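I have placed the structure first, in the form of structure tokens, so that the comments after it can refer back to it.
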Amino acid sequence: MSMFLRITAQRIAFGIMMLLMTSVIIFAGIEILPGDVAQAMLGQSATPDTVAQLRLELGLDRPAIVRFGEWLTNAIQGDFGRSYTNKLDIASEIAHRLKNTLLLAAGAALISIPLALFLGLLGVLYSDGIVDRVTSILVVGGISVPEFFMGYILIFVFAVGWQWFPSNAAVYDGMPISDRLYQMALPIATLVLATLGHMQRMTRAAILDLMSAPFIETARLKGLNTANIIIHHALPNAVAPIINVVMLNIGYLIVGVVLVEVVFTYPGIGQYFVDHVTMRDAPVIQACGLVFATVYIMLNLIADLVSAYSNPRIRHPR
Amino acid sequence: MHKRPANHSFELTRRSLLRTGAAAAGALLAPASFARAEPKKGGHLVLAVDGASAANSLDPATYDATYPEVVGFQWGNALVELDEHAQATSELAESWEADKTGKSWVIKLRQDVEFHNGKSFTAEDVVYSLNHHRGAESKSVAKSLLKDIEDLRVSAPGEVTITLTTANMDLPFTLADYHLLMFPEGGDAAAGIGTGPYIIDSFEPGVRTRTHRNPNYWKEGRSHADTVETVAMNDLTARTSALLSGSVHYINRINPKLLHMIEGRNGLQVWNVPGSGHYTFQMMTDVAPYNNNDFRLALKYAIDRRAILDIVLNGFGAVGNDVPIPSFDRYFAADLPQRSYDPDKVQYHLKKAAVDIPATLNIAEIAFSGAVDAAQMFQQQAAKAGLTLNVNRVPNDGYWSNVWAKEPFSGSYSAGRPTPDLMLTSAYHSEAAWNDTHWRNEKFDNLLVAARGERDEARRRQMYHDLQFMIYEEGGTILPVFNNYIFAGSGLVDGFRMSPIFAGMRVAEQLYFV
């Protein structure tokens, strides 16, 4: 077990370094982008006078390195500061938005992952049969259509046509969970369709690959039926590639769904992030970037640990 | 209440109706409003509008797009409201009067108006609210609007005297601006506490705003719904499908190309409002080759405005004549010949110009909706007339800070201004902050200032005519079209007022359930 602790500690230390590097890169990126927050806020109605005044007030007249140092010192102490543009506290805004995003991601993942595994196993069981072909066509179709377009199709059919579900996911704090799920039905469906394919394909491919391995042959000769072989012998050995693609999809569900948020006007973190990039609102972009990087690093850490743990050679070192 | 014109002829009658002035229009509109049922009180009104951002604030000094404006007129009032005929009518100011010089204005305020926090509305609040946008430290978007105010003081209880550096007969129109909302003296501008029809319950930037009716609202016949929810929906398809699926009662900024989706549906109504907003391609008049007026004229004759109106706006607008004053304005110079696509004139002016640098138009979709299409049409039309026009497509991101007013030939959009003076002063005066054509003409500047303070109506009209003529002949602006504002509502609501200036901003207090 000490080995897992060591790997975990190593990975966390590495992750913290990555976060630091990410924040440097993001900060540099904002500096390189043409225009600054003062120009973006005043937009077409900017005058040199008001831009200068705004820069002075926001402290943008100071050198970039000073501003970065100040931000980093505060961020380490857990203070992300206030948004340049609307002066709201970034930590509480992000917490609020992130909760919505996590709920949406959880809803989609809870349906998508088991369904993908089930369909993947079904694909192996009836490989190249009619069931396999039909599910393959459907799930690959799902990931081939851009997710915003899939969203529009669902809106057209279920919101405008049959009027079963609302087209805009109007969620707010203190909403009963049943109402919330009803509001989130179409965005969840869209995300399920957008992620199902990757995981189903990977499950199917990884297990099919193993099905020709000698130990499966042995199991077959023992007289086990195919379903039993797949679940008890093939699946545990295919965990590593599957968990990797599952984690990547969860990562996508958390940080990459801004288009779905726009289509369904869902108040998640993606829209919050994009709005502030447009405004060059450095503290918000930094904080969101940190959250996104943390999510990816943690998910990758989990994936590594799970695949290591699933490997008996690592679990039982000789 | 189906207001979409079946064809252009209806639109023309609406336009001419607006032109004929208040009296005639009032007479025509009156029976329709009497026929309508008395507005009912109550209900939960849901508005879905665009122009929202997670970076929004309630501080009126920051208002830059529809969403904060629609929310602003829920919690706040301005001193002056512009009505369906673009005329200044009383809001928190009861009356106003200029002295003989036109430099000193006495504004008498409404009595017995209360802020949401119970404080009475006084002259001190007006001074405080207006000063929020003034002074060296102000970073307000409306700063330049008030730069001519020399002094602003309480001259008697309920009375404010504004002294200007130059005479201005249009001050009431300035005071109608959506940035100039009134809030209590000493208060926080971003608190959203005002005298408006609705009291803020919650404000989530870029998501939604919830308000409930101000029980003490002073304005007669307005604010009908019990509660209002203003949902941020920047995506046009999201707004349209929300309206179609019945989850919202009102949406703004509809693309004319999507109107057929709404029109056919049972009960939905469309409000099509001619406006002062216009699309422009502007040339810097001091940069070669655009410093040659014949070259500018060649470009002005090389664009087919009618085709752009029909294709980019599906006919929902009006052809422009390179003058930023809409045809319904009282000072519109109607006698200037309408410029049209004319290859002969293009060739004539090109020869005279003898310029061998090709024109390059820098354009991004953010300049105005359909900008890239319009630029490409312009390119084709110009090519047919023998004029080479390069179109350089640039990214939306950073367009306003790096391309517009930086490149010598680019595209832009103006929402228009309530008066010719505000329009010309903000973008055509030599010293104007938004003088994106670098148009510098001393005679123009002097005449503009003189017209602003002219009390004689006939002389003032002549002055504005001359100003428009100068821009028409020598300006750097190609103004192909004015766009209409298109709004839509569910069949459950009514009461929308079609004000051409600041259209749709006071929608929350206007709509009621039928």
quick note, chain B, DSSP beta bridge pairs, % antiparallel (nearest 5) is 80 percent
To the nearest 20 debye, segment A:92-280 has a Cα-centred charge dipole, built from +1 on Lys and Arg Cβ and -1 on Asp and Glu Cβ, of 240 debye
Checking rank on B:350-363, B:236-249, with mean other Cβ inside 10 Å and highest first, the result is B:236-249, B:350-363
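With only alpha-carbon atoms in the gyration tensor, what are the semi-axes of the equivalent ellipsoid for segment A:1-102, in Å, largest first?
Working: eigenvalues 239, 56, 29 Å².
Semi-axes (√(5λ), whole Å): 35, 17, 12.
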At q = 0.11, 0.19 1/Å the base-10 log of I(q)/I(0) from the Debye formula over the alpha-carbon atoms of segment B:183-313 is -0.71, -1.16
All alpha-carbon distances of segment A:152-223, grouped into 10 Å bins from 0, give the whole-percent distribution 17, 27, 19, 14, 14, 8
Along principal axes, largest first, the alpha-carbon spread of chain B in whole Å comes out as 70, 56, 45
Rounded to a whole number, the Stokes-Einstein D of segment A:92-280 in µm²/s (Kirkwood radius over Cα pairs; 4 °C; 1.567 mPa s) is 72 µm²/s
Here the residues of segment B:379-413 whose accessible area is at least 30 Å² smaller with all protein chains than in the chain alone (probe 1.4 Å) are B:Asp397, B:Trp400, B:Ser401, B:Asn402
Rounded to the nearest 5, the percent of DSSP beta bridges in segment B:278-483 running antiparallel is 70 percent
Of the accessible area of segment A:57-214, computed with a 1.4 Å probe and all protein chains kept, carbon and sulfur make up a percent value of 70 percent
Once the mean of 1/r over all distinct C-alpha pairs in segment B:407-511 is inverted, the Kirkwood radius in Å reads 16.1 Å
Once Lys and Arg are counted +1 and Asp and Glu -1 for all other residues with Cβ under 12 Å from that of A:Thr190, the total becomes -2
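What percentage of all Cα-Cα pairs in the protein assembly as shown are separated by more than 43 Å?
When every Cα pair of the protein assembly as shown is considered, 38 percent fall beyond 43 Å.
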Quarter of the surface of the C-alpha convex hull for segment B:278-483, i.e. direction-averaged projected area in nm², equals 10.6 nm²
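Hey, what's the Kirkwood Rh for segment B:57-215 if you take every pair of different alpha carbons, in angstrom?
15.9 Å
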Checking A:Pro63, A:Pro187, A:Pro166 against a Gaussian network model of chain A (alpha-carbon springs below 10 Å), the top fluctuating residue turns out to be A:Pro63
For B:Thr285, the accessible surface traced by a 1.4 Å probe with all protein chains present amounts, in square angstrom to the nearest 10, to 20 Å²
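Taking the Cα centre of segment B:392-514 as origin and charging only Cβ (+1 Lys, Arg; -1 Asp, Glu), how large is the dipole, in debye to the nearest 20? Please list the in-between numbers first.
Numbers: 12 positive and 15 negative charges, 39 e Å.
So the magnitude is around 180 debye.
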The size of the Cβ-based charge dipole (Lys, Arg +1; Asp, Glu -1) of chain A about the Cα centre, to the nearest 20 debye, is 1160 debye
Rg/Rh of chain A (Cα atoms, Kirkwood Rh), to two decimals, equals 1.06
Counting only protein heavy atoms and rolling a 1.4 Å probe, one gets per residue an accessible area for the protein assembly as shown in Å² of 42 Å²
log10 I(q)/I(0) for segment B:86-138, Debye formula on C-alpha points only (no solvent), q = 0.17, 0.18 Å⁻¹, two decimals, reads -0.72, -0.79
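Beyond 20 Å, what percent of the Cα pairs of segment A:186-283 remain?
Here the tail beyond 20 Å accounts for 55 percent of pairs.
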Highest mean packing first, using Cβ neighbours within 10 angstrom, the peptides B:197-203, B:129-135, B:266-272 sort as B:197-203, B:129-135, B:266-272
Within 10 Å of the Cβ of an average residue in A:147-155, the count of other chain Cβ atoms is 2
Env charge @ B:Ala88, Cβ radius under 11 Å, K,R +1 / D,E -1, value -4
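Would you work out what percent of the accessible area of segment B:252-358, with all protein chains in place, is carbon or sulfur (probe 1.4 Å)?
52 percent
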Phi angles of segment B:255-267, converted by Karplus (6.51 cos²θ - 1.76 cosθ + 1.60, θ = phi - 60°) into ³J(HN,Hα) in whole Hz with x for Gly and Pro, give 6, x, 5, 9, 4, 4, 6, 8, 3, x, 7, 4, x
Dividing the surface of the Cα convex hull of segment B:318-360 by four yields a projected area in nm² of 4.5 nm²
If one builds a Gaussian network model of chain A from Cα atoms under 10 Å apart, the most fluctuating residue listed among A:Leu98, A:Leu58, A:Leu121 is A:Leu58
Mean projected area, convex hull of alpha-carbon positions in segment B:229-270, reported to one decimal in nm², is 2.9 nm²
The long-range amide H neighbours of B:Ser410, using H built 1.01 Å from N in the peptide plane and a cut-off of under 5 Å, are B:Gln282, B:Asn362
Per the Kirkwood formula over distinct C-alpha pairs, the hydrodynamic radius of segment B:256-393 in angstrom is 16.5 Å
Residues hit by the 40 Å² burial cutoff in segment A:84-102, accessible area with a 1.4 Å probe, assembly against chain on its own, are A:Asn86, A:Arg97
In the neighbourhood of B:Arg393 defined by beta carbon distances under 12 Å, the net charge of the other residues (Lys, Arg +1; Asp, Glu -1) is -2
Probe 1.4 Å, protein heavy atoms only: A and B together bury a total accessible area in Å², to the nearest 100, of 3200 Å²
Probe 1.4 Å, all chains present, heavy atoms only: A:Met3 accessible area in Å², nearest 10, is 70 Å²
Over all Cα pairs of segment B:320-403, the Kirkwood radius sets Rh, and Rg/Rh then becomes 1.03
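The values are calculated or read from the model by the stated rules, or taken from the named source; none is laboratory data. Since the structure is predicted, the reported quantities are computational estimates derived from the model, not experimental observations. We place every Cβ from the backbone using ideal geometry, glycine too, and count neighbours over all the protein chains shown. Quick note on the areas: whole protein, heavy atoms, side chains included, nothing else; ligands and nucleic acids left out. Shrake-Rupley method; radii C 1.70, N 1.55, O 1.52, S 1.80 Å.
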